[in-house]
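The values are calculated or read from the model by the stated rules, or taken from the named source; none is laboratory data. Please read these numbers as outputs of a predicted model, since none were measured by experiment. Quick reminder, even Gly has a Cβ in these numbers, built from the backbone with ideal geometry, and neighbours come from all protein chains shown.
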Amino acid sequence: MIMNSRKSIPKAIETNILVNSKRRCALCFGLKGDLEEKKGQIAHLDQNRSNNSEDNLAFLCFDHHDEYDSKTSQSKGLTIGEVKHYRDMLYDEIESRLKFPYSENSDQDDKRRAHDQKIFDRANEIISEKNLKIFLEALQCNDLYMEKDLSQLIDFHTFFLEVGNQFLSHELKTRASQLNQSIDELVCFLGLHFFQFPRGEVNEKNFKFALYPNLNWEREGDYNLESFQKYRDFQKQLYACCSQVEISYKEYRIAIKEILFC
């Protein structure tokens, strides 16, 4: 078998595939009705790596990608036509859910939409987009946070853990869950690696916490290369956690806009 040279998928086409599929696997949906978001990659349906036409591409989870887009795919009984059919079905289903995310019954639809609108409004009252942005920017610029600001983020996280505060829209529920997971990872990191600063400060209303003050020569640490490197490593972990919250929050707000306000 002659192997075709691999060409990178044009960014515009790659973006279309990811947006249209919303990272749902065409085969998971077609074979099992599974609409959960997956980790995966774009597959060339004719196995020709140089054929980057959009009709020849589909987003598949890693397991299905390995089964289909490989030399052994024919033994799995999967055809190009079959995968394209499942992909097109997936796109239609996603488009339908965006247009009619609740039900075809208008009265029921209004009630469910009102419920989700109320959940969003209550969550937004706990911490707004602006306040979250300020909190994350302060963390990344100063490696510092105020106790009161963190308590708002924790309250937001706790809010979505309660059963009564779950969205009815599948898409909104998924986005809120992903956002809450990224917030949980950030809060856990802060709890493990941030300490009261300055030490012994008496302020019952709003304590300050800093990333390892003893490793930061501008705070309580000594100026030496070993401490500096350790501090930089923790900074990178902090920034990664903040970045993930920013990404998941953006996706959450985009879904809110598409489903509740369009």
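Points to keep in mind about this one:
- Test: Phe207 is aromatic (Phe, Trp, Tyr) and without any contact (Cβ under 8 Å) to a residue 60 or more places away in the chain: no
- Restricted to region 186-197, and to residues there that are surrounded by 14 or more Cβ atoms within 10 Å (Cβ to Cβ) and part of a helix (DSSP H, G or I), the residue that is nearest to the chain's Cα centre (by Cα) is Leu186.
- Per-region count, region 227-246, residues closer than 22 Å to Asn216 by Cα and touching a residue at least 24 places away in the same chain (Cβ under 8 Å): 7
- In the condition set (1) over 30 Å from Leu260 (Cβ atoms); (2) of a type in the set (S, T, N, Q); (3) touching a His at 6+ places or on another chain (Cβ under 6 Å), Asn180 is compliant with all but (1).
- The condition of being of a type in the set (S, T, N, Q), at pLDDT below 95 and surrounded by 15 or more Cβ atoms within 10 Å (Cβ to Cβ) holds for only one of Ser106, Ser177, Ser182, Ser151, that being Ser177.
- For region 41-65, a residue qualifies if it is under 13 Å from Cys28 (Cα atoms) and either crowded, with 19+ Cβ neighbours inside 10 Å or at pLDDT below 90 (or both), and the qualifying residues are Ala58, Phe59, Leu60, Cys61, His64, His65.
Yes/no matrix, rows are residues, columns are (1) of a type outside the set (Ser, Thr, Tyr); (2) under 30 Å from Asp34 (Cα atoms); (3) part of a helix (DSSP H, G or I); (4) outside the structural domain of Pro213 (by TED's automatic domain parsing):
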| position | (1), (2), (3), (4) |
| --- | --- |
| Lys111 | yes, yes, yes, no |
| Glu125 | yes, no, yes, no |
| Glu137 | yes, no, yes, no |
| Thr158 | no, yes, yes, no |
| Phe167 | yes, yes, no, no |
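- The number of residues in region 139-156 that are assigned to a helix (DSSP H, G or I) and over 20 Å from the mean Cα position of the chain (by Cα) comes to 8.
- With respect to being in contact (Cβ under 8 Å) with a residue 60 or more places away in the chain and in a helix (DSSP H, G or I), Tyr249 fits the description.
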